[in-house]
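Input: a single structure, listed below in structure tokens.
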Amino acid sequence: MLQIKYDDEFKNLINEPICDFWKLKEDIPDNVIEFITDISNSIVIKTYDNFLYCSRCVNKLDENNICSICGKNYSETVNNPKYINIIADINDIRYFPYTIHYYVFDIKGNDVILYIIKESIYYNNPTTVKPYKTSEIIINKAYKINKNGMYELISNKYYSFDEIDKFIYDDESNNFALDNELNDYIDFKFIYTDNIDMLKNTVYKYSHIWDAKEYLNECEICVGNIVYSPIHLKQFEYLIKHKLYNLALDDSYLLKYENKYKEFFNNDKYLNFMIENNLDNKEFNALTMCKRTDMSLIKFISEKLYYIEKILEIQKINLVELKKYFDSQNLSNEYLVEYLDYLSIAKKLGLDIKDKKILYPDNLFDAHDKLYTEITILEDPSINKDISKLSSLLELNVYEDDKYIIIPASSIESLVDESTQQQNCVRTYSKRYSNNDVQIYFMRKKEDITKSFVTIEVQNGKIIQARTKLNELPSSDVNLVLKKWEKQIIPVINE
Ligand SMILES: [Zn+2]
């Protein structure tokens with residue numbers, strides 16, 4: 001049978017045999033169904049309180065990771081994030097069904113077809129005591145692939161690689177359709193690799209993607225990195241042959257960095273380092289920024305690439321020195337966000353940020369707090385005066401017993417200090433506090449009145465929030481004291 005359709009360039013109408021491809025679940029070969037069932041039955045449900053559940057029976061696993069109802073042993077997947085479905089609460093599972101995508105290659109005549117099979121998993125009526133899983137399998141996409149592009153047989157849409165090039169090169173283009181086609185934003189994605197060797201005699205012949213078979217099971221799969229990159233990007237073969245699987249497969253947009261490649265790939269020192277550590281795209285980016293073959297420095301940068309880039313926009317700082325400074329302060333790269341904040345305030349205040357004393361203060365947090373206070377006052381000089389006036393009125397609500405004392409915040413400095421000690425955002429309340437829109441009190445233990453204990457927000461004589469360090473809730477003993485104090489609060493209202 002023939003059908004009239006467009007050619008692969010989407011220019012001319014041609015007669016072509018109807019491409020016979022899998023359309024229904026029933027068309028999928030048994031070995032692939034087996035692969036799907038195996039994965040579907042290996043997903044573990046993990047709740048926020050760290051309990052593990054069988055995803056088929058929604059039954060809590062025993063200490064050996066075995067489900068007492070179906071007998072399934074989850075030992076192989078409980079530690080593999082690729083197989084873990086994290087949910088807040090086990091009751092959520094019924095309201096938040098999940099989806100798995102399976103990528104499967106097949107060859108039909110001279111054509112390579114890539115199927116994306118979609119499994120949607122649901123749980124039964126939430127009112128039932130014992131929920132059970134039901135799943136629906138459909139052929140979501142079927143891409144017929146040639147050297148110029150890919151033709152999606154279900155939607156009849158053609159995507160040329162040239163069009164994709166334009167999309168990737170051009171930062172301005174907001175081609176969401178193409179982005180959705182290249183990447184798919186599904187949590188669970190698996191690729192069937194048992195038959196990947198058969199790609200050797202196809203349009204994939206130069207890609208050597210089969211060499212990365214083991215690695216394909218671990219990496220983040222998307223159409224971009226298993227269709228566009230292997231067939232269309234020259235460097236894909238090069239990267240695979242050097243066993244740089246992370247770079248080849250983790251990010252189909254690596255073409256963007258083509259110019260950066262030359263300097264690093266032509267240099268044996270860098271190339272060997274990259275191969276040895278199988279650098280991924282972020283790590284490679286970090287290498288191009290610091291030009292050091294030091295994996296701890298590379299990790300320091302690559303894990304927080306966004307903040308590092310923002311810091312470099314403010315000041316072309318030496319990243320080796322920055323890492324040394326963080327090490328000397330005993331700080332992990334988690335605190336780069338504080339450093340970025342510090343540096344941007346220092347710049348706003350017109351400080352000489354080329355000066356090492358400013359760049360690397362003796363204590364990052366003290367320096368940050370000092371500058372934060374300074375800029376808040378500078379931006380609105382009335383705030384501190386207003387806070388001081390209000391806090392002297394609020395003195396009438398000071399509480400004291402044998403153990404605790406509750407006092408109003410008296411200045412921006414005190415808010416900033418509380419914020420740093422408690423790791424909360426009370427420092428950002430200074431303007432609202434100065435207007436008496438909220439009132440801020442500190443509960444402290446009398447044994448050390450300078451040490452933060454509970455930060456309290458009051459409105460109209462009622463406690464709106466009371467939080468200990470890291471926004472935790474106070475203990476019930478402390479809550480009793482707070483309740484008692486709340487009854488005595490005299491609201492101070494703007495006249
Ligand atoms: Zn089970």
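I need every pair where a residue in the range 311-330 that is closer than 14 Å to PHE300 by Cα has its Cβ under 8 Å from the Cβ of a residue that is of a type in the set (S, T, N, Q) and not in a helix (DSSP H, G or I), sequence separation at least 6 or different chains.
Matching pairs, first to second residue: PHE326/SER332.
Suppose we filter the range 349-404 for residues that are of a type in the set (S, T, N, Q) and within 27 Å of ILE317 (Cα to Cα); how many remain? Give the derivation first.
Taking the range 349-404 and keeping what is of a type in the set (S, T, N, Q), we get 363, 373, 376, 382, 384, 388, 391-392, 397.
This time we only want the ones that are within 27 Å of ILE317 (Cα to Cα), so: 363, 373, 376.
The number of residues fulfilling the criteria is 3.
Is at least one residue of the range 77-96 within 16 Å of the ligand (Cβ to nearest atom) and part of a loop (DSSP other than H, G, I, E, B)?
Looking for residues that are within 16 Å of the ligand (Cβ to nearest atom) and part of a loop (DSSP other than H, G, I, E, B), one finds at least one in the range 77-96, hence yes.
State the number of residues belonging to the range 445-471 that are touching a Lys or Arg at 6+ places or on another chain (Cβ under 9 Å) and β-branched (Val, Ile, Thr). Break it down into steps so the answer makes sense when it comes.
Restricting attention to the range 445-471, the residues satisfying the condition of being touching a Lys or Arg at 6+ places or on another chain (Cβ under 9 Å) are 445-447, 450-457, 463.
With the extra rule that they be β-branched (Val, Ile, Thr), the set shrinks to 450, 454-456, 463.
Within the range 445-471, residues that are touching a Lys or Arg at 6+ places or on another chain (Cβ under 9 Å) and β-branched (Val, Ile, Thr) number 5.
So, in the range 325-347, of the ones that are among the hydroxyl-bearing types (Ser, Thr, Tyr) and in contact with a helix residue (DSSP H, G or I) (Cβ under 9 Å, 6 or more places away or on another chain), which residue ends up surrounded by the fewest Cβ atoms within 10 Å (Cβ to Cβ)? Don't jump to the end; show me each part of the working.
We begin by selecting, within the range 325-347, every residue among the hydroxyl-bearing types (Ser, Thr, Tyr); these are 325, 328, 332, 335, 339, 342, 344.
Still in the running and in contact with a helix residue (DSSP H, G or I) (Cβ under 9 Å, 6 or more places away or on another chain): 325, 332, 335, 339, 342, 344.
Values: TYR325: 18, SER332: 12, TYR335: 18, TYR339: 26, TYR342: 24, SER344: 18.
That would be SER332.
Can you confirm whether ILE116 is away from the ligand (no atom under 16 Å from the Cβ), assigned by TED's automatic domain parsing to the domain that holds ASP194, modelled with pLDDT of 90 or more and touching a helix residue (DSSP H, G or I) at 6+ places or on another chain (Cβ under 7 Å)?
Details: away from the ligand (no atom under 16 Å from the Cβ): yes; assigned by TED's automatic domain parsing to the domain that holds ASP194: yes; modelled with pLDDT of 90 or more: yes; touching a helix residue (DSSP H, G or I) at 6+ places or on another chain (Cβ under 7 Å): no.
No, not satisfied.
Among all residue pairs at least 6 apart or on different chains, which show Cβ distances below 6 Å where the first residue, located in the range 56-72, is assigned by TED's automatic domain parsing to the domain that holds LYS46 and the second is of a type in the set (Lys, Arg) and within 8 Å of the ligand (Cβ to nearest atom)?
Cβ pairs passing all conditions: CYS70/ARG56.
Just a yes or no: is a residue in the range 348-356 touching a residue at least 24 places away in the same chain (Cβ under 8 Å), touching a helix residue (DSSP H, G or I) at 6+ places or on another chain (Cβ under 8 Å), loosely packed, with under 15 Cβ neighbours inside 10 Å and closer than 22 Å to LYS431 by Cα? Steps first, answer last, please.
Initial filter on the range 348-356 (touching a residue at least 24 places away in the same chain (Cβ under 8 Å)): 348-349, 353-354.
Checking which are touching a helix residue (DSSP H, G or I) at 6+ places or on another chain (Cβ under 8 Å) leaves us with 348-349, 353.
Those still in the list that are loosely packed, with under 15 Cβ neighbours inside 10 Å too: 348-349.
Filter once more, so that each one left must be closer than 22 Å to LYS431 by Cα: 348-349.
So far as the range 348-356 goes, yes, one or more of its residues are touching a residue at least 24 places away in the same chain (Cβ under 8 Å), touching a helix residue (DSSP H, G or I) at 6+ places or on another chain (Cβ under 8 Å), loosely packed, with under 15 Cβ neighbours inside 10 Å and closer than 22 Å to LYS431 by Cα.
Is it fair to say ALA177 is in a helix (DSSP H, G or I) and not basic (Lys, Arg)? Before the answer, list the steps.
Working: in a helix (DSSP H, G or I): yes; not basic (Lys, Arg): yes.
Considered against the rule, which asks whether it is in a helix (DSSP H, G or I) and not basic (Lys, Arg), ALA177 comes out as yes.
Name the residue, out of ASP62, ASP49, that is within 13 Å of the ligand (Cβ to nearest atom) and either among the aliphatic types (A, V, I, L, M) or in a loop (DSSP other than H, G, I, E, B) (or both). Let's see the steps before the verdict.
On the way: ASP49 fails: within 13 Å of the ligand (Cβ to nearest atom).
Result of the check over ASP62, ASP49: ASP62.
Within the group LYS72, LYS60, which residue is of a type in the set (D, E, K, R) and out of contact with any Phe, Trp or Tyr (no Cβ under 9 Å at 6 or more places or on another chain)?
Answer to the selection: LYS72.
What number of residues within the range 65-76 satisfy the criterion of being among the hydroxyl-bearing types (Ser, Thr, Tyr) and more than 13 Å from the ligand (Cβ to nearest atom)? Can you show your working first?
Here is the first cut: in the range 65-76, the residues among the hydroxyl-bearing types (Ser, Thr, Tyr) are 68, 74-75.
Next, only the ones that are more than 13 Å from the ligand (Cβ to nearest atom) stay: 75.
Selection size over the range 65-76: 1.
The values are calculated or read from the model by the stated rules, or taken from the named source; none is laboratory data. Model, not experiment: these values are computed from the prediction. With ideal geometry, Cβ positions are generated from the backbone for all residues, glycine too; neighbour counts draw on all protein chains shown.
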